[in-house]
Amino acid sequence: MTRKQKQKPGITIKKLSNELKQCRVSDEPEPPSTNPTGNIVLDSEIKPELLAKWPKLKLKIPPIFLHKPVDFEQHVRKILNMRISFFQPLLGKNYTKITCESFNDHKHMIKYFEKKNLPFHTFGNPSKRKMKVVIRGIPKETELADIKDVLKSASIPVIRVHKMHTKEERKDNTMLVLAVVPYDDEGKKILRVTQLLGHNVKLEPPAIKPRQCYRCQKWGHSQRYCHGALKCVKCAGDHLSKKCERISDQDPLKCANCGADHTANYKQCSHAPNSNEYKLLQEMKKVSTECFKPAQLVTLDNCTALYRNDD
Ligand SMILES: [Zn+2]
Ligand SMILES: [Zn+2]
Ligand SMILES: [Zn+2]
């Protein structure tokens, strides 16, 4: 049941009939509330099944991935002498994964790697993470500024909204709008919205696409926190992809990840998370890491047996 929106003076018959139509099709169970402008309708609380569609925010310290072939062991004593505290690292096929004890240790470890010019990547502080919400049901011609204003009028701290470019064909003259809010209680208020500017809306998280770094071409992180070696997506050379001088019908392609003759963003490359080969490898890994020892802090006394697991 929804309450009819507050009428403005000079409202047209067409607008009114649209609003009446919405009243008929709406089947919201909770009594909704409107803000004073009447342009937005919110449920009284967030539906748990809707919130569950977004990944839970984990406030853990982001790991640092040191890129091969750097040998972390050569730096361990120096790092420990700087009183940077970290757990036993994991030695993987492409990276050494290091987790620090605190955010401060993380900051100093990164500084050390930067100073030594070592290739690595990490991730941003999780407390600054944003929540992205796809809004369905808004007509194409709607001004994005109006959407932002109406969300703000309901004290939803929206950071930005933009139109999504999707391959999905939209036959109903609506567009997909992406709204970005802080990942906190205030930001999550957006999940209570059921109507915007007189239109019934549906909310959902954006589809998760595997990320690939534009800087080093490796999968699973973005260039924002990457200090990896610069690699070209086409020829694996140490230059930006847009500066590539490869002649397309003469020089062969070279993948920066596997060395084969395809571009580094080729979806069936064995390093690409959606490739069949990669998926198979992950399945095998899952089995082998089932009985896993918890990590210990590394000290000058125990750092001779540095790594936790060789995989
Ligand atoms: Zn990278
Ligand atoms: Zn190139
Ligand atoms: Zn490849």
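The condition (being away from ligand 1 (no atom under 15 Å from the Cβ) and β-branched (Val, Ile, Thr)) is satisfied by just one residue among Val201, Val233: Val201. Entry remark, the range 95-132: residues being surrounded by 14 or more Cβ atoms within 10 Å (Cβ to Cβ) and more than 30 Å from Asp184 (Cα to Cα) number 6 in total. Kindly evaluate Asn104 against the criterion of being free of Cβ contacts under 8 Å to residues at least 24 places away in the same chain and out of contact with any helix residue (DSSP H, G or I) (no Cβ under 6 Å at 6 or more places or on another chain). It is true that Asn104 is free of Cβ contacts under 8 Å to residues at least 24 places away in the same chain and out of contact with any helix residue (DSSP H, G or I) (no Cβ under 6 Å at 6 or more places or on another chain). Does Lys140 qualify as being open to solvent by 80 Å² or more (accessible area, probe 1.4 Å) and not aliphatic (A, V, I, L, M)? So Lys140 passes the test.
Every residue, every condition in (1) assigned to a strand (DSSP E or B); (2) within 16 Å of ligand 1 (Cβ to nearest atom); (3) aliphatic (A, V, I, L, M), yes or no:
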{"site": "Lys167", "(1), (2), (3)": "no, no, no"}
{"site": "Asp172", "(1), (2), (3)": "no, no, no"}
{"site": "Leu178", "(1), (2), (3)": "yes, no, yes"}
{"site": "Gln217", "(1), (2), (3)": "no, yes, no"}
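Within the range 114-128, residues that are closer than 11 Å to Lys58 by Cα reach partners that are open to solvent by less than 20 Å² (accessible area, probe 1.4 Å) with beta carbons closer than 8 Å, at six or more positions or on different chains, in the pairs Asn125/Pro62; Pro126/Pro62.
Residues in the range 241-270 that are assigned to a loop (DSSP other than H, G, I, E, B), open to solvent by less than 50 Å² (accessible area, probe 1.4 Å) and at negative phi: Cys244, Cys255, Ala256, Asn257, Ala260, His262, Thr263, Ala264, Cys269, Ser270. In the range 228-240, the residue that is surrounded by the fewest Cβ atoms within 10 Å (Cβ to Cβ) out of those that are touching a residue at least 24 places away in the same chain (Cβ under 8 Å) and away from ligand 3 (no atom under 15 Å from the Cβ) is Ala229. For the range 218-225, the condition holds for no residue, the condition being that it is in contact with a helix residue (DSSP H, G or I) (Cβ under 8 Å, 6 or more places away or on another chain), under 24 Å from Ser127 (Cα atoms) and not basic (Lys, Arg).
For the range 189-209, indicate whether the set of residues that are open to solvent by 70 Å² or more (accessible area, probe 1.4 Å), closer than 29 Å to Ile110 by Cβ, out of contact with any Leu (no Cβ under 6 Å at 6 or more places or on another chain) and part of a loop (DSSP other than H, G, I, E, B) is non-empty.
Within the range 189-209 (the criterion being open to solvent by 70 Å² or more (accessible area, probe 1.4 Å), closer than 29 Å to Ile110 by Cβ, out of contact with any Leu (no Cβ under 6 Å at 6 or more places or on another chain) and part of a loop (DSSP other than H, G, I, E, B)), the answer is yes, since at least one residue qualifies.
In the range 65-94, what residues are open to solvent by 30 Å² or more (accessible area, probe 1.4 Å) and part of a strand (DSSP E or B)? Correct list: Phe65, Phe87, Leu90, Leu91.
The values are calculated or read from the model by the stated rules, or taken from the named source; none is laboratory data. Worth saying up front: this structure is predicted, and the values here are computed from it rather than measured. Positions of Cβ are backbone-derived with ideal geometry, glycine not excepted, and every protein chain shown enters the neighbour counts. For accessibility, only protein heavy atoms count, side chains too; no ligands or nucleic acids. Shrake-Rupley method; radii C 1.70, N 1.55, O 1.52, S 1.80 Å.
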